[in-house]
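One structure below.
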Amino acid sequence: MGTGLSYGIGSITAYFPNTTFRRNLLSGGSPSRYPPDNFFAPDFNTLFANRAIGDYRLLPGGPFAKAGTDGRDLGAEMGTVLALINSNPPPLPTAPPVVRGLRFRR
């Protein structure tokens, strides 16, 4: 929520003009304050595989499974996210970045 703005569609319109805001899962809030075609859950704790360890995959067969605009589960593809977190990151470049012909020191 931005300074002087209300939560919901007021902030969405101010900070993300011309955006499509639909098929999102929101905790709490009043559906009347958001664009249509979104979901509201009173308690996120019961929706995820193992929230305590950061596994935010939706429970299979739950009310929001396959509810995304693409027919898949809402949110990030947690299998991919977890695989990236547990993988070795790529090495950092050894040369400083060049921007508009200038060299910056690290």
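The calculated FRET efficiency for the pair ILE85 and ILE9, based on their C-beta separation and a Förster distance of 30 Å, comes to about 0.35. Dividing the Cα radius of gyration of the range 8-60 by 2.2 N^0.38 Å, with N the residue count, gives 1.33.
Taking a Cβ cut-off of under 11 Å around LEU82, the surrounding Lys, Arg, Asp and Glu residues balance to a net charge of -1, with basic ones at +1 and acidic ones at -1.
The residue list PRO42, ALA65, PRO31 was ranked by how far each Cα lies along the charge dipole of the range 22-82 toward its positive end, using unit charges on Cβ atoms, and PRO31 comes out on top.
Every number in this text was worked out from the coordinates using simple rules, so none of it is lab data. From a predicted model like this one, the values you see are computed outputs, not experimental measurements. Here Cβ is always computed from backbone atoms with ideal geometry, including for glycine, and neighbour counts include all displayed protein chains.
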